[in-house]
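Read the structure below first, then the notes.
The values are calculated or read from the model by the stated rules, or taken from the named source; none is laboratory data. Fair warning: this is a prediction, and the values are worked out from it, not measured in the lab. Heads up, the Cβs are rebuilt from the backbone with ideal geometry, glycines too, and the neighbour counts pull from every protein chain shown. Heads up: the accessible areas ignore ligands, DNA and RNA and are worked out on the full protein's heavy atoms, side chains in. Shrake-Rupley method; radii C 1.70, N 1.55, O 1.52, S 1.80 Å.
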Amino acid sequence: MKKIAVIGSSGGNLRSQGGADPQKMMAEIFAQAKAAGIEVSAIQFILTEGSMDKISMDMAAALFSLDEVGQLISGKQQKLSEINEQAKMTDQQLAQRILNGEIDGLMLLSCDPKGVNNQALSAAATMKIPVAGTGGTSMAETASLGVRIIAQSGTTGTTNRTRAISAISAFAKEWQLKYTPVIGSAGNQQLETNVFKRISLRGIMMAAMPGFIGMALSLALSKLPGLSGLEDIFTTLVGFLPVIVATIAAKQISGMDEVGIVAGVLAGALAVDGGIIGGMAVGILAGILVYYISNFCFKHGVPGTTINIAAGGLAGLLAGLVGKYLLSPIALTLGNGIKQAIDAVLAFNPILAGTVAGALIWFAIIGGVYHAAILPIVLLEMEATGFSFLGAIDMVCLVIVCAGIQLAYIIKPRNAGDRPTAIANIFINLLFGTFVEAAYPFMFSNKKVFGGTILAATLAGTLVGLLNVRTTAYVPAFMAPLMSNDNLVATVIVMVCAFLMACVFTLLANVGGKKSR
């Protein structure tokens with residue numbers, strides 16, 4: 001197995017681009033090296049409390065190295081002048097290892113060729129081992145020592161991932177090693193081998209939820225006296241929703257962190273006319289393009305800064321243009337069609353629509369259909385108005401019904417653990433508008449409770465349709481009426497009825513049952 005040493009410092013630009021967190025930066029290097037079958041055998045990295053662009057020998061610093069079992073450790077924080085003396089000693093030891101043939105390559109990170117890294121680099125020049133690294137000034141000074149550099153780049157615009165992949169790609173090519181970059185979760189190569197497996201509509205929508213809630217809150221607050229100006233904020237946020245969705249999609253799919261974010265923002269900004277469906281489409285496309293463009297650049301030795309520009313800028317622009325002129329019109333038509341279909345159903349018979357939705361919503365979430373199919377529709381509705389029919393079904397028939405079940409077990413627990421569990425659950429239900437899964441243990445352990453839950457949700461759905469309630473979920477229960485379609489009183493009535501029905505039905509379902517200890 002080939003062995004490399006990583007040497008350098010937090011430098012100037014590097015400190016603000018990952019160098020301030022050596023643990024995270026080195027973890028990326030370890031992950032990429034492992035994927036190539038390369039061992040990181042030595043580390044000499046100096047972290048300073050500030051940028052080295054304004055160097056002071058009195059600045060606090062620490063020396064990072066590997067312990068006996070290969071774990072990254074930090075030495076005691078001291079003045080930079082004292083750390084430099086320690087580094088010169090480790091530099092001498094590393095140089096001897098290189099001369100002994102124990103180190104096959106060097107990865108440089110804003111190193112100090114004329115100071116604390118001089119002996120190791122001189123030894124590398126003598127042994128002609130390959131060297132790859134970043135840091136414009138330091139790499140130029142390294143070259144002047146006669147070192148055999150196989151890959152180099154400035155630090156500007158790079159990330160922990162692109163620096164690590166660029167260097168390891170160069171070593172793998174030099175030593176003819178099979179290497180596929182680990183893009184995504186460090187150490188998880190299953191996803192990076194097929195970027196299309198990263199596409200998860202549920203994951204994208206759930207991550208984008210805070211943006212939709214923020215938009216809905218701005219609309220709710222705009223209804224309060226003196227805050228009508230916030231309606232303009234609501235309009236602005238509606239326009240940015242496609243950008244949010246596109247950014248999340250590009251980041252998740254590309255696995256390239258900041259590069260994926262930039263590509264997603266560019267693509268989403270160009271495709272805002274397509275709504276959230278258009279934003280998702282261009283975000284997915286941008287993420288895929290980032291993945292393939294960056295991999296192409298890594299394999300062909302493109303400098304790290306250029307990789308980020310090409311992958312982030314070019315992928316975002318291409319995806320955005322495709323979205324603007326091709327995907328957006330289609331996405332907008334599709335989104336409008338879904339919303340019009342919901343409106344048509346509600347206009348035909350809102351009571352029946354609410355009843356059916358309430359009856360099926362628990363089966364949808366138990367069967368895993370909710371987050372994949374219903375949540376996107378909720379967000380589509382909210383994009384247009386800030387509230388949603390299915391959002392009201394979620395809040396009333398899931399969250400409030402679940403809270404009612406918890407109240408029943410607080411009033412009359414079946415065993416010693418029910419009451420404290422139910423108290424914690426109802427707190428989450430009402431204060432955070434989530435965790436409806438808290439009802440599962442009670443529902444699945446008693447068929448009558450399960451039936452009572454479905455009945456309560458069905459009747460609550462009927463009330464939602466009857467009273468024309470529209471609101472949202474994933475907010476505190478007391479906020480839901482304020483975020484409704486100017487139907488505050490009706491929303492409160494429906495929520496209270498759902499709460500009481502679930503509680504009463506659960507109490508009745510448990511009547512006559514054996515109480516366990």
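Computed from Cα positions, the angle between helix 160-175 and the longest principal axis of the chain comes to roughly 50 degrees.
Of the accessible area of the chain, with the probe set at 1.4 angstrom, what percent is carbon plus sulfur? The nonpolar share, carbon plus sulfur, comes to 64 percent. An oblate overall shape is assigned to segment 135-257, the ratio a/c of its alpha-carbon gyration tensor axes (a ≥ b ≥ c) being 1.5 or greater and a/b not exceeding b/c.
Measuring between their Cα centroids, segment 63-119 and segment 299-331 lie 39 Å from each other.
Here the chain carries DSSP beta bridges of which approximately 30% are antiparallel, counting only pairs with both residues inside. Taking all protein chains together, Asp91, Asp486, Asp273, Asp104 sort by accessible area into Asp486, Asp273, Asp104, Asp91, largest first [probe 1.4 Å]. The label point for Tyr440 and the one for Val489, both projected 7 Å from the Cα toward the Cβ, are 4.1 nm apart.
Cross-link reach is defined here as a Cα-Cα straight distance under 27 Å, omitting same-chain residues fewer than 8 places apart; for Lys299 the lysines meeting it are Lys2, Lys3, Lys24, Lys34, Lys128, Lys173, Lys178, Lys197, Lys251.
For Ile129, the shell of other residues with beta-carbons less than 13 Å away shows a net charge of +2, using +1 for Lys and Arg and -1 for Asp and Glu.
Modelled spin labels at Phe478 and Phe427, positioned 7 Å past Cα toward Cβ, are 1.6 nm from each other. Straight-distance candidates among the lysines for linking to Lys339, with alpha-carbon spacing under 27 Å and chain neighbours fewer than 8 residues away dropped: Lys223, Lys324.
Summing Lys and Arg as +1 and Asp and Glu as -1 over all other residues whose Cβ lies under 11 Å from the Cβ of Ile374 gives a net charge of -1.
Separation of segment 363-381 and segment 135-181 by C-alpha centroid, Å? So the separation of the two Cα centres works out to 46 Å.
Computed about its Cα centre, the charge dipole of segment 1-140 is approximately 240 debye, with only Lys, Arg, Asp and Glu carrying charge at their Cβ.
With protein chains left intact and a 1.4 Å probe, residues in the chain average 43 Å² of accessible area per residue. Cα centroid distance between segment 198-256 and segment 449-517, in Å? So the two Cα centres are separated by 27 Å.
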